[in-house]
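Undergrad: My questions all concern the structure below.
Please treat every number below as a calculation from the coordinates, not as lab data. Since this is a predicted model, take the numbers as computed values, not measurements. Cβ coordinates were reconstructed from backbone atoms using ideal geometry, including for glycine residues, and neighbour counts include every protein chain displayed.
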Amino acid sequence: MSKPPVIISGIQPTGNLHLGNYLGAIKRWVRMQDEGDCFFFLADLHAVTVYNDPAELRANIRAMAAALIAAGVDPARATLFRQAQVPAHAELCWLLNGTARIGWLNRMTQFKEKSGKNREGASIGLYAYPVLQAADVLLYQATRVPVGEDQKQHLELARDIAAKFNTDYGVALFALPEPIIGGPAARVMSLRDGQAKMSKSDPSDQSRINLTDDADAVAAKIRKAKTDPEPLPDDPALLDGRPEARNLIGIYAALADETPAAVLAKFAGQGFGTFKPALAELTVETLRPIKDMLDRLAADPGELDRLLGLGAERAREVAAPTLAKAYEALGL
């Protein structure tokens, strides 16, 4: 009998999650619990590549853990933990720094985007964090890694590092992970601008639906979402050039687990005066149990810490053999 795939993914604890996070990543995580041995972590070591207020970071870690569990990540079915509570991540990262090449890191487009014109003022951590990402994955012998298109390059780097390490030291230590790319709702766009990704950093709270929003706020945001005056077509291809309409149809499809074509078959010929109330009702009913659970978990930080501690204990146990073999391969 073949072993189930090992799936790993991390998310930075950046504060309140929104609908884009839920549909783009967390909903996939929930489904993956039925597909393999899942390791899901809060990437708090990645978070410190830029300055964070320590008290705010601690609060964000708990808030993120609560949101993940409320959205359906089950600590009894998946290993949910804080990266910083498993020192093997940082240890293996340092060992892999000897294998990774500066030329490889210089090609990483994410660093160029995040550092902008202040490249010389960026932290070493921001430059080298793809090596930590490689350690995150390779430590657990992960075979499948869900990534967006913007992170695919980093997984390719992890494969390059794994292959070079195995070759250089004559070992078959690291598995080469395969990417799981996207999905129909991998990119949820702003409610105010269909060409900009839904983001916590957008100054307008009307641009996003937060998982902490109550039902009235959710409905109001959808009612005010930017649209156009044209009726909905019967073919998704006819949404080209209508980014706001495409976005709202995509959100409905993702929430209902339907294709955009199936959604349009229901609403073709109708305007947004009909469609928006239906989308609002679906969104509210989907998010209601998540918000209720989120409120309960947020009121019990001790339980969140306990669950994360149990996950870290299992992660440390699983990671230990790979780290030990890496030290041995290097002659340390």
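Undergrad: Nearest 20 debye, what's the magnitude of the dipole of region 236-301 about its Cα centre given +1 on Lys and Arg Cβ and -1 on Asp and Glu Cβ?
TA: 200
Undergrad: Using a 10 Å cut-off around each Cβ, can you sort Cys38, Cys93 from fewest to most neighbouring Cβ atoms?
TA: The fewest-first ordering by Cβ neighbours comes to Cys93, Cys38.
Undergrad: Can I ask one more? In nanometres, what is the gap between the two model label sites at Leu126 and Lys266, each 7 Å from Cα along Cα-to-Cβ?
TA: A separation of 4.3 nm, rounded to one decimal place.
Undergrad: Around His18, which amide H atoms from residues at least 5 apart in sequence, or from another chain, sit under 5 Å from its own amide H, with H modelled in the peptide plane?
TA: For His18, the qualifying residues are Leu211.
Undergrad: Compute the whole-percent fraction of alpha carbon pairs in region 280-332 spaced more than 17 Å apart.
TA: In whole percent, the share of Cα-Cα pairs in region 280-332 beyond 17 Å is 63.
Undergrad: Something else now. Any idea what angle helix 215-224 forms with the longest principal axis of the chain, computed on alpha-carbon atoms, 0 to 90 degrees, nearest 10?
TA: Orientation of helix 215-224: about 70 degrees from the principal axis.
Undergrad: Note the direction-averaged projected area, equal to a quarter of the hull surface, for the Cα convex hull of the chain, in nm².
TA: Dividing the Cα hull surface by four gives the mean projection, 18.8 nm².
Undergrad: I'd like the orientation of helix 54-70 relative to the chain: the angle between its Cα long axis and the longest Cα principal axis, in ° from 0 to 90, rounded to 10.
TA: 70
Undergrad: Would you look at the GNM of the chain, springs on alpha carbons closer than 10 Å, and say which of Gln153, Gln270, Gln85 moves the most?
TA: Highest fluctuation of the listed residues: Gln270.
Undergrad: Positive end of the charge dipole of region 205-296 (Lys, Arg +1 and Asp, Glu -1 on Cβ, about the Cα centre): tell me which of Ala245, Pro233, Ala256 has its Cα farthest that way.
TA: So the residue we want is Ala245.
Undergrad: Taking the chain as a Gaussian network, Cα atoms linked when under 10 Å apart, which of Lys112, Lys164, Lys226 shows the biggest mean-square fluctuation?
TA: Fluctuation is largest for Lys112.
Undergrad: Another question, then. Only bridges whose two residues both fall in the chain count here: according to DSSP, what percent of them are antiparallel, nearest 5?
TA: Roughly 10 percent of the beta bridges in the chain run antiparallel, per DSSP.
Undergrad: Another question, if that's okay. Can you sort Thr227, Thr109 from fewest to most other Cβ atoms within 10 Å of each residue's own Cβ?
TA: Numbers: Thr227 19, Thr109 10.
Exposure proxy ranking, most exposed first: Thr109, Thr227.
Undergrad: In which sequence would Val263, Val284, Val171, Val86 go, from the one with the fewest C-beta neighbours within 10 Å to the one with the most? Numbers along the way, then the final one.
TA: On the way: Val263 24, Val284 19, Val171 14, Val86 27.
Going from least to most buried by this count: Val171, Val284, Val263, Val86.
Undergrad: Let's see if you can work this out: charge +1 on each Lys and Arg Cβ, -1 on each Asp and Glu Cβ, no other charges. What is the dipole magnitude of the chain about its Cα centre, in debye to the nearest 20?
TA: Here the chain has a charge dipole of around 480 debye.
Undergrad: Region 158-296: percent of C-alpha pairs farther apart than 22 Å? Working shown, then result.
TA: Numbers: 4552 of 9591 pairs.
Beyond 22 Å sits 47 percent of the P(r) for region 158-296.
Undergrad: Size of the dipole of region 1-154 about the Cα centre, Lys and Arg at +1 and Asp and Glu at -1 on the beta carbon, nothing else charged, in debye to 20?
TA: Dipole about the Cα centre, nearest 20: 260 debye.
Undergrad: So what are region 68-218's ellipsoid semi-axes, whole angstrom, largest first, if each one is the square root of 5 times an eigenvalue of the alpha-carbon gyration tensor?
TA: 32, 21, 15
Undergrad: Still on this structure: Given a 10 angstrom Cα cut-off, can you work out which residue in Ile102, Ile11, Ile290 is the most mobile in a GNM of the chain?
TA: Ile102
Undergrad: If you fit an axis through the alpha-carbon atoms of helix 88-97 and take the longest principal axis of the Cα set of the chain, what angle between them do you get, 0 to 90°, nearest 10?
TA: 70
Undergrad: Long-range amide H contacts for Gly10: which residues qualify at under 5 Å (H placed 1.01 Å from N, peptide plane, sequence gap of 5 or more or a different chain)?
TA: Phe41
Undergrad: Among Thr212, Gly273, Ala329, whose Cα sits farthest toward the positive end of the charge dipole of the chain (+1 at Cβ of Lys/Arg, -1 at Cβ of Asp/Glu, about the Cα centre)?
TA: Ala329
Undergrad: Now for a separate question. Could you please report the charge total around Met64, scoring K, R as +1 and D, E as -1 over all other residues with beta-carbon less than 14 angstrom from its beta-carbon? Intermediate results must be reported in sequence, preceding the final value.
TA: Details: positive: Arg58, Arg62, Arg82, Lys200; negative: Asp44, Glu56, Asp305.
Around Met64, the charge tally is +1.
Undergrad: Return the long-range amide H neighbours of Arg82 (sequence gap of 5 or more, or a different chain), with a cut-off of under 5 Å between placed amide H atoms.
TA: Residues meeting the amide H criterion: Leu42, Ala312.
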